[in-house]
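For reference, the structure discussed in these notes is given below.
Quick note: the coordinates plus some simple rules give every number you see, no bench work behind them. Computed from a prediction, not measured in an experiment: that's the story for all the values here. Here the Cβ positions follow ideal geometry from the backbone for every residue, glycine too, while neighbour counts run over all protein chains shown.
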Amino acid sequence: MPDNAAPADPGTDAEAEAIPHDESQPLSAPTEIASAPVTPATDEVTDPAVVRPRRALVEAVTPPATPEPVDADEGTTGPVSRGTQRQVEAMPAPTQTRIVVVANQKGGVGKTTTAVNLAAALALGGLNILVVDLDPQGNASTALGVEHPQGTKGTYEVLIDGEDIANLLIDSPEAPNLKVLPATVDLAGAEIELVSVVARENKLKRALRTYLADHPTDYVLLDCPPSLGLLTLNALVAAGEVLIPIQCEYYALEGVSQLINTIQLVTGELNDGLQVSTVLLTMFDGRTRLSSQVADEVRSYFAEQTLPTVIPRSVRISEAPSYGQTVLTYHPYSAGAVSYLEAAREIARRGAKENA
């Protein structure tokens, strides 16, 4: 090493010293690196605008990945007027009223969304539909365009005061022949008030029996709260069928076993005719392996009950309730609307075939 050479920097890479070069030729850098600002090798970056050369190269040649859209619906914004509803072919009617409880004690699985969208689809198919909102949050009432401020008479008055259902029903603007028994926050105290009532689990059953005797109805859909309390118990006793929406995620499977145990207890003690007739897979994301695995697991356990149609994870389905609409009228040609419409057709076909 020449006497006037500067000593090697102990912080430099040892491999860099071992690279031979011709001292008579000046060192040259690649165009990309030469054009990039050189920053000192330090762990702290004081200026966020300064980017290290190696990272600058990577960012220059690697474009940012464009995430796939969660929903394949049309790129339009805002709701579609209810006056522009799509034409739905007539669906077969059952020979007798089908009372279906939509239940799953796990929240966030699409229970209320499934209840209101199936109700709207069946009603658009020409059937007479009644939706009973048993959730104190009243989300089903909201999604069906029914105002339900505190003090509105509905499910609470039927269960606690014994009022007639016919006097409290509200027509939904979502579809013809679609009626709603609304729920308010008052229903939150109903479970406590029912504790001391004799035959408390039969209150809804008796009220529905009285209503159906004078009002022909094809389907009664009971939307339950995400729990297995007295409100859900009343629905299970009053119904003949259970529709279980199952989200295509692992945690959703854990809640199903507890629900099945409750259904078996009700069947043995309070309602011998109750059966799980339908299982609907919701929030299906075809991009993930987990959704497919959960779907396969559910179909292996509920082979006959699981509908072939799955409900995709959809932005339009999530947006619709904020406009007081179902996805069937919010965006009638979206992927979510088409899926719920096909699921409703399958349910109607199964019901007509079983009752034939």
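List of remarks:
- Each Cα pair under 8 Å and six or more residues apart adds its separation to the average, and for the range 208-356 the resulting relative contact order is 18 percent.
- Residues whose amide H falls under 5 Å from that of THR306, counting only those 5 or more places apart or on a different chain, are VAL279, with hydrogens built in the peptide plane.
- FRET E, pair LYS353, ASP214, Förster distance 22 Å, beta-carbon r, rounded to 0.05: 0.20
- Amide N of the range 217-242 lying under 20 Å from the label point, which is placed 7 angstrom from the Cα of VAL195 along Cα→Cβ: 225-235
- Using the average count of surrounding beta-carbon atoms within 10 Å as a protection proxy, the listed peptides 173-185, 120-132 rank, highest first, as 120-132, 173-185.
- Table column - 3J(HN,Hα) (Hz), the range 133-142, Karplus curve with 6.51, -1.76, 1.60, x for Gly and Pro: 8, 9, 9, x, 5, x, 5, 5, 4, 4
- Those residues of the range 215-258 whose amide nitrogen sits under 11 Å from the label point placed on GLN264, 7 Å along Cα→Cβ: 257-258
- Working from Cα pairs under 8 Å separated by at least six residues, relative contact order for the range 88-343 is 25 percent.
- Flagged links, alpha-carbon separation over 21 Å, of LYS153/LYS203; LYS106/LYS205; LYS153/LYS179; LYS111/LYS179: LYS106/LYS205
- Highest average packing first - 190-198, 304-312, Cβ atoms within 10 Å: 304-312, 190-198
- Here the gap between GLN87 and ASP296, fully extended at 0.36 nm per residue and compared with their Cα-Cα distance, gives a gain of 71.9 nm.
- Residue-span extension gain [ARG289 to GLN137] - 0.36 nm each, minus C-alpha spacing: 51.4 nm
- For the range 88-343, with +1 on Lys and Arg beta carbons and -1 on Asp and Glu, the positive-most of ALA119, ALA93, GLN293 along the dipole: GLN293
- Neighbours of HIS148, meaning other residues whose beta-carbon lies under 12 angstrom from its beta-carbon, give a summed charge of -3 when Lys and Arg score +1 and Asp and Glu score -1.
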